[in-house]
1. Exactly one of these conditions fails for residue 36: (1) under 17 Å from residue 211 (Cβ atoms); (2) of a type in the set (Gly, Ala, Ser); (3) surrounded by fewer than 18 Cβ atoms within 10 Å (Cβ to Cβ). Give me its number.
2. Please verify whether the stretch 27-46 includes one or more residues that are assigned by TED's automatic domain parsing to the domain that holds residue 162, modelled with pLDDT under 85, part of a loop (DSSP other than H, G, I, E, B) and in contact with an Asp or Glu (Cβ under 8 Å, 6 or more places away or on another chain).
3. Taking helices (runs of 4 or more DSSP H) that fall entirely within the stretch 150-254, which contain at least 2 residues that are under 30 Å from residue 279 (Cα atoms) and under 20 Å from the mean Cα position of the chain (by Cα)?
4. Which number in (1) β-branched (Val, Ile, Thr); (2) modelled with pLDDT under 90; (3) under 30 Å from residue 27 (Cα atoms); (4) part of a helix (DSSP H, G or I) marks the one condition that residue 63 misses?
5. I'd like the full set of residues that are in contact (Cβ under 8 Å) with a residue 40 or more places away in the chain and farther than 18 Å from residue 356 by Cα, limited to the stretch 287-315.
6. Quick one: residue 260 ticks every box in (1) modelled with pLDDT under 90; (2) surrounded by fewer than 15 Cβ atoms within 10 Å (Cβ to Cβ) except a single one, so which number is it?
7. Among the listed residues 351, 325, which satisfies the condition of being assigned by TED's automatic domain parsing to the domain that holds residue 277, closer than 24 Å to residue 376 by Cα and under 33 Å from the mean Cα position of the chain (by Cα)?
8. Just checking, does the stretch 133-140 include any residue being of a type in the set (S, T, N, Q), crowded, with 16+ Cβ neighbours inside 10 Å and touching a helix residue (DSSP H, G or I) at 6+ places or on another chain (Cβ under 7 Å)?
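The values are calculated or read from the model by the stated rules, or taken from the named source; none is laboratory data. This one's a predicted model, so the numbers in the text were calculated from it and none came from an experiment. Positions of Cβ are backbone-derived with ideal geometry, glycine not excepted, and every protein chain shown enters the neighbour counts.
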Amino acid sequence: MVMHENINQVVRTVRHYLPDLWSTAAHSTSFQNTRSGYLRSRITLLSVVWGLLIILWIPLDLVFLSENQSAPIAIARFMLGCGLLMTAWHSHHHTKLYQSQWSLILLVIMINAFYIYCISVLDFPQAYSGAEYGYTLLPILHVAILTILPLTLKESLGLLAITALCQIGVDVKAQRLFTPEVMAGYWLQNVLALMVIWSQQSKLYMLMRLYRQATLDPLTGIYNRRMLLQLAQKSLEACEQNQQTFSVLLFDIDKFKRVNDTWGHGAGDDVLKRFTHFIQSQIRKTDLFGRYGGEEFILFLPNCDHQAAQDIANRMLDSIRSLNLDINAVSTQLRITSSVGISSLSHGDSLSSLIERADRALYECKDAGRDCARFHPLGYIYSQNERRKAVA
């Protein structure tokens, strides 16, 4: 019984994380930025270390290779080292995920081009001996270095394919593709590639878990307050820079305490999750939605003026009234309503002042009987400014 539960847990975990492990399509923008920083630091360090080691190996080539081989390979090493150091500089100064991905692709292409060039200088030998033997290990090294990176399965397979195609092309040119030694080498590399992929996926999975624990609300799966405000601040600054509008909708589920008192906290948790799912289904990809605390949620609307924000709020209120929430905890359906406080960006506003006005507008909704939306422009003074505790 215990083993059966463990197997089911593993299956659920794999099904939950598999789309994220396969590609970046399901990754949120904030997680892409987080992984970009993680990749950028490792690509930079890897490029610097490897670039220096490549250059430091030049004296050994000059000593152990023949004169007609050592000079061109030494020049190629120097050029590769400089290229890797330039890749490190580019990776360090560019923060977007696609820029980190291109830096990584460029790194893999450069090291494989170096491998092909060196083997061609060595005249595609049928058998390796002495100093030449070290060049047979380059494809294995190219596979092994990828183990330090948290890559998606699609990214990993693409990069490994570059190395595989280059090596196969070299072996075909040397007419030794199906020799026992080469086939044994391919078997070793396939085993190594599987271990590398496993390590990459483990790193990506752990990064996802740490990210979600640090940034997402554990009950609803949306942004927690800390992460939401960080992202909202960046979005607000971008809107101000581009002279775009920006609005805030602060939601409060009406009389939520009554749900907990009547049906239990399990039912209350189900209401929060169903409410969250509904709001997420109604918003744009550029909008930011998160849990502000308790039964309060915030929706940040970049490039949305006050009139559009009020229309959105009223439309959502109409939809919420007609919702029949399936509550697993009590095997029944509940109906809820919500109140919405609205504010929009004006000259001199900050994120905190926008939220404060939306909060005051929300209290006006409660004084007006709930199940409504109110907008507070900059400078608006609510007649009942003295806050009173809302009736649950």
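1. Condition (3) is where residue 36 drops out.
2. Checked the stretch 27-46: at least one residue is assigned by TED's automatic domain parsing to the domain that holds residue 162, modelled with pLDDT under 85, part of a loop (DSSP other than H, G, I, E, B) and in contact with an Asp or Glu (Cβ under 8 Å, 6 or more places away or on another chain).
3. In the stretch 150-254, 180-215, 225-241 are the helices (runs of 4 or more DSSP H) which contain 2 or more residues that are under 30 Å from residue 279 (Cα atoms) and under 20 Å from the mean Cα position of the chain (by Cα).
4. (3)
5. Listed by number, the residues that qualify are 303, 304, 308, 312, 314.
6. Every condition holds for residue 260 apart from (2).
7. Answer to the check: 351.
8. Looking only at the stretch 133-140, we keep the residues that are of a type in the set (S, T, N, Q), and these are 136.
Then keep just the ones that are crowded, with 16+ Cβ neighbours inside 10 Å; that gives 136.
Remaining after also requiring touching a helix residue (DSSP H, G or I) at 6+ places or on another chain (Cβ under 7 Å): none.
There is no residue in the stretch 133-140 that is of a type in the set (S, T, N, Q), crowded, with 16+ Cβ neighbours inside 10 Å and touching a helix residue (DSSP H, G or I) at 6+ places or on another chain (Cβ under 7 Å).
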